[in-house]
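Colleague: Below you'll find the structure I mean.
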Amino acid sequence: MSGTGTTAGDDPLQTAVWRLRSRACWADAAALLRPVSAEAALQRAALLVERCLYTEQGWEEAEDALRTAEALADTDDERGGAACERGQLAYAATLHGVRDRADEARAALGRAAALIQPGARRRALLDFRRGLLAENLSRSPQAARAAYRRAHAGATAHSDALLMSFTWRHLAGLALRDGEVAEARHGFAESLRIREELGYLVGTAPALVSLADTETEPEASRLREEARRLYRLLGGVPTWLAGQLAPPPTGAATA
């Protein structure tokens, strides 16, 4: 779930992978990567794990890719990266009700924490995912906030703009839960700004919906309609937006 988008100096392969990923074409992006090295196998597995989270499909392909990445991992950092993806896949399966793998998710992320050095680039993503577990599985917003803040600091240090868009969004979500609307609006707006600048299309609809929750009419309806348009454009991805983006009742007033 980390990455910085594309710049003029990017490798053509990575540029192609990013463009496909950002448009919800994870399988096509993964097909461009040959798992002949630990890093390539890990990136391929990460793409397919992300597809599971966004689409609730492709679980077996993600498991196969992850086993390959685990087999090729040679350094502690690579093994930690594979464990981090293992934890994320177990988290996604639990979140979407496929199977309760919460204990596996916690164990895998704990293993990753023992392998990935503090200050390493992968550590910020690991901290973010530990925040997700704390917020959504353990129901511990205080622990989640601390993890998201560590992740935000790490993402900032490593100039990981995409990960910053996630940490902004989730910190804002906790602020909104606490009734801090202005703080939440600022965080959601930052998340949306980064995703639009990066061209992270698949993450733009969720950012629009989150920001809409902090706005008044007619701006809230405008943001939700834009999110609805993107959601339809991507074929109903992310799946978790379905309930939030149901069409307005027939005859309802529109701004």
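Colleague: Sorted by accessible area (1.4 Å probe), largest first, how do Asp10, Asp76 line up? Kindly include the intermediate steps, with their values, before the conclusion.
Modeller: Values: Asp10 55, Asp76 75 Å².
Accessible-area ranking of Asp10, Asp76, largest first: Asp76, Asp10.
Colleague: Provide Ser210, Ser138 ordered by accessible surface of protein heavy atoms (probe 1.4 Å), highest first. Display every interim value, and only then the final one.
Modeller: Working: Ser210 15, Ser138 60 Å².
Ranked list, largest accessible area first: Ser138, Ser210.
Colleague: While we're here: Between Leu233 and Gln117, 0.36 nm times their residue separation minus their Cα-Cα distance comes to what?
Modeller: Numbers: separation 116, 0.36 × 116 = 41.76 nm, distance 4.02 nm.
The Leu233-Gln117 span can extend by a further 37.7 nm.
Colleague: Using the Kirkwood radius over Cα pairs, work out the Stokes-Einstein diffusion coefficient for the chain at 4 °C and 1.567 mPa s, in µm²/s as a whole number. If you can, show how the numbers build up before the last one.
Modeller: Values: Rh = 18.6 Å.
In µm²/s, the coefficient rounds to 70.
Colleague: Further question: Just the C-alpha atoms of the range 56-106: what Rg/Rh do they give, with Rh taken as the Kirkwood radius?
Modeller: Numbers: Rg = 11.2 Å, Rh = 11.2 Å.
For the range 56-106, the value is 1.00.
Colleague: Report the FRET efficiency, 1/(1 + (r/R0)^6), for Gln14 and Glu60, where r is their Cβ-Cβ distance and R0 is 22 Å, rounded to 0.05. Walk me through the numbers before you get to the answer.
Modeller: Values: r = 26 Å, r/R0 = 1.19.
Between Gln14 and Glu60 the formula returns 0.25.
Colleague: Can you tell me how the range 150-203 classifies by the Cα gyration tensor, rounded, prolate or oblate, using a/c under 1.5 as the rounded cut?
Modeller: Numbers: a/c = 2.53, a/b = 1.38, b/c = 1.83.
Oblate, since a/c reaches 1.5 and b/c is not below a/b.
Colleague: So if R0 is 41 Å, what FRET efficiency would Glu219 and Asp103 give, r being the distance between their Cβ atoms, rounded to the nearest 0.05? The partial results should precede the final answer.
Modeller: On the way: r = 43 Å, r/R0 = 1.04.
Calculated transfer efficiency: 0.45.
Colleague: Loop-only check: which trypsin sites (Lys or Arg not before Pro) in the range 84-149 are DSSP coil with at most 15 other Cβ within 10 angstrom?
Modeller: Working: sites: Arg86, Arg99, Arg101, Arg106, Arg111, Arg121, Arg122, Arg123, Arg129, Arg130, Arg139, Arg145, Arg149; in loops: Arg99, Arg101, Arg139.
For trypsin sites (Lys or Arg not before Pro) across the range 84-149 that sit outside H, G, I, E and B with at most 15 neighbouring Cβ atoms in 10 Å, the list reads Arg99, Arg139.
Colleague: Could you put Trp59, Trp240 in order of accessible surface area, largest first, with the 1.4 Å probe and the full protein assembly present? If you can, show how the numbers build up before the last one.
Modeller: Numbers: Trp59 50, Trp240 90 Å².
From most exposed to least exposed: Trp240, Trp59.
The values are calculated or read from the model by the stated rules, or taken from the named source; none is laboratory data. Fair warning: this is a prediction, and the values are worked out from it, not measured in the lab. Neighbour counts are summed over all protein chains in view; Cβ atoms, including those assigned to glycine, are modelled from backbone coordinates with ideal geometry. SASA here: full protein model, heavy atoms, side chains in, ligands and nucleic acids out. Shrake-Rupley method; radii C 1.70, N 1.55, O 1.52, S 1.80 Å.
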